[in-house]
Every structure is written in C-alpha cells, then in structure tokens.
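What follows is a set of notes on a single structure, which appears directly below.
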Amino acid sequence: MTTIKNYLLVSPCRNEADYMRQTLDSVVAQSALPAKWVIVDDGSTDDTPRILEEYSARYSWISVVTRLDRGHRAVGPGVIDAFYAGLETVDIDQFQYLCKLDLDLELPPDYFKSIIEQMESDPYLGNFSGKAYLREADGTLVSERLGDENAVGQTKFYRTAAFKEIGGFVRQVSWDGIDGHMCRMKGWVARSEDRPELRFIHLRQMGSSQQSIWVGRLRWGFGKYFMGSAPYFVAAVAVYRMFEKPYVVGGCGIFWGYLKAMFSKTPRFGDKAFRRFLRRFELRSLLLGKRNTTDLYHRKIRLSPKPE
C-alpha cells in the first residue's frame, strides 16, 4: 500500500459501535493510506471506546481523543466541536490535505487515492468528495440525491490552504452547506462527483436524527434558515425532498423547521456578505438549475489567477 504523507483524517463520533467497524476496515484497506487519523470519541457509552482501542493498538497512525459524556448526541455544533478537539492535537500545516470523515460509511478501496488525484490535477479545487448512497434491504443502492455544488458532509475532503482561508467550519447546523459557498466566495471550487470509484455507502440516512427522521428534517430546515437561505428556495428544496423516503413528510419537516426558526426570529449566520452571496446563488439556481449555476460560478473562478 501507498502512504500519502500529507493527508489527515479527523473523525468525530459518538456511540457508533453499530457502524464504525465498516468505516475503520474500509479506511485501513485504502490503496492510499492517510498519514494520520485522529478519531474523537465524543463521550460514547456503547462499545465505541473498546473498538477504537483495538484499532489504535493495531495501527500506529490512528490516534484517539476522548471527550467526556455530555449526556446526549449534539448534531451540528457538537459534531464540529468534537472535530476541532481532534484537529487541535495536530499541526494541520504538516498536511496538504485534511478530511472530516464520519464513522458510518463504507468506502471503496481507491476512494482517497482518486480524491487526491483529482485535487492534484486541479489547483482551483479546494473541497471535493464522491457521492453517498443508501443500501436497501435487497442490496439495491439508492442515491441520497446530493447536489454537485459542495463536498458531502460525510467526507469533507479539503486542501488545507482552502480550509484555512474560509475560516474552517462554522460551529452550527448547516456548517456543511456554508463551507462550500464560502469556498466560492474566496475563489475556490467546491464540488462533488458521482463516479463508481467515488461512490460510498452511507449506513445511516442523511437528515435523520438520534430521535427520528422528522426531528432530523426539522433540524435541516433550521440549518437552511441559519445559513441565510430565502423562503422560496427552501420551499423548492422541501418539494424536491418530498419524493424520497420518508415521502412527503420529510420535505414538510424541512420547511416547517425553517418556518419555526423564522417565526422565532432565531439569529442567523452573522456574515451578511455571505448571506447576499448565498441568495444570489440560490436565485440563479432556481432560474438556471443548480448544476448550471454551479458551473457558471466555477468557470468564473477559473478565470482568476490560480490560488497559491
């Protein structure tokens, strides 16, 4: 196997014993291994600590950071707090690339090799990933239907220079939407791509929750409000998501979560320039299609001098 010495994985996790072995095994089987993998146990109360101890003893490049149990799973800000607890244990300037990686995935064996080859061939590419699929009971793979305008949240693979320039991740729900648009604001391309060698299995449905999918979709809508999305755009997102499981209900949950945040006058992401940038992108997406709009923005970025 080849070890690429300049890529770092950081994985926040909590009570992932049901899924994490698949992720651990698929990473150690990669054709291009990471130089370092920091896994942050965010107060697990199941077998997660024992499994992490087993793998860190076996592989010297895996290290574990243990946090105290806060008593509940905190999706969004809690996940990013845990991510930074891991990131703070290393010097990211020693790595050309870094990745926030979830522990409920199955990755194809050439996943990171393919990602890095794409990044190496494109100096404008700051944030990149493959696509997430769900495996049905009969083995059928179903796309999670994520847009092309950002790396997906489960495998956020970054050029370190781009990650630092956008200021890293916002510690709030919607962090994984804000970052891609922030990349474009700063002159970096952010995208995901659907190719066989980049398709991975998501073992837990996106937008779900430790409580229920309904709660997860409410949170999704709250996140759209926080990041600054316009009501008409969120309504379109909600309709689009009605055609996937849980049919209709999931889309309604997204829009209701947005409206609840709006009626409550919940504080929004404080960067007004970002919110203006986001709404222009959303409006163009409704008029031209999101893929065409993303391509338009990225073509404009590529007319600028190459990032350093």
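The values are calculated or read from the model by the stated rules, or taken from the named source; none is laboratory data. Note that the structure is predicted; figures quoted are calculated from it, not measured. Glycine also receives a Cβ, built like all others from the backbone with ideal geometry; neighbour counts cover every protein chain displayed. In case anyone asks, the SASA skips ligands and DNA or RNA and just uses the protein heavy atoms, side chains included. Shrake-Rupley method; radii C 1.70, N 1.55, O 1.52, S 1.80 Å.
Details
- Accessible-area composition of the chain, carbon plus sulfur, in percent [1.4 Å probe]: 54
- Loop-located GluC sites (Glu not before Pro) in the range 81-161 (DSSP state not H, G, I, E or B) with no more than 13 neighbouring Cβ atoms inside 10 Å: E88, E136.
- Counting charges near E120 (Lys, Arg +1; Asp, Glu -1) among other residues having Cβ under 11 Å from its Cβ returns a value of 0.
- Cα-based equivalent ellipsoid of the range 89-188: semi-axis lengths in Å, sorted from largest, via gyration tensor: 24, 16, 14
- Pairwise inverse Cα distances across the chain, averaged and inverted, put the Kirkwood hydrodynamic radius at 19.8 Å.
- If both residues of a DSSP beta bridge must be in the range 70-202, then about 65% of such bridges are antiparallel.
- Descending semi-axes in whole angstrom, ellipsoid equivalent of the range 28-103, from the Cα gyration tensor: 21, 17, 10
- Computed 3J(HN,Hα) for the range 292-299, one whole-Hz value per residue from the Karplus formula 6.51 cos²θ - 1.76 cosθ + 1.60 where θ = phi - 60°, is 5, 5, 4, 4, 4, 5, 6, 5, glycine and proline marked x.
- Stokes-Einstein, applied to the Kirkwood radius of the range 169-308 over Cα pairs at a viscosity of 0.692 mPa s and 37 °C, places its translational diffusion at 202 µm² s⁻¹.
- Secondary structure note: in the chain, about 30% of the DSSP beta bridges are antiparallel.
- Cβ crowding within 10 Å averaged over residues, with 189-197, 251-259 ranked highest first: 251-259, 189-197
- Simple spin-label estimate for T140 and L288 in nanometres, 7 Å along Cα-Cβ: 3.5
- Gain in span if fully extended, S56 to E117, counting 0.36 nm per residue against the direct Cα distance: 19.2 nm
- For the set K186/K260; K36/K113; K36/K245; K164/K265, the pairs lying more than 26 angstrom apart at their alpha carbons are K186/K260; K36/K245; K164/K265.
- Label-to-label distance, nm, for residues given as A29 and L296 (7 Å Cα→Cβ offset): 4.3
- Taking D138, D93, D295 as the candidate residues, the one with maximal mean-square fluctuation in a Gaussian network model of the chain, Cα springs under 10 Å, is D138.
- C-alpha center-to-center spacing [the range 177-195, the range 237-308] in angstrom: 12
- Estimated FRET transfer efficiency (R280, S63; beta-carbon r; R0 51 Å; 0.05): 0.75
- If you take the alpha carbon atoms of the range 19-60 and fit the smallest convex hull around them, that volume is 69 Å³ per residue.
- The mean accessible area for residues of the range 1-152, using a 1.4 Å probe and ignoring ligands and nucleic acids, is 41 Å² per residue.
- Y232, Y297, ranked by accessible area, largest first (probe 1.4 Å): Y232, Y297
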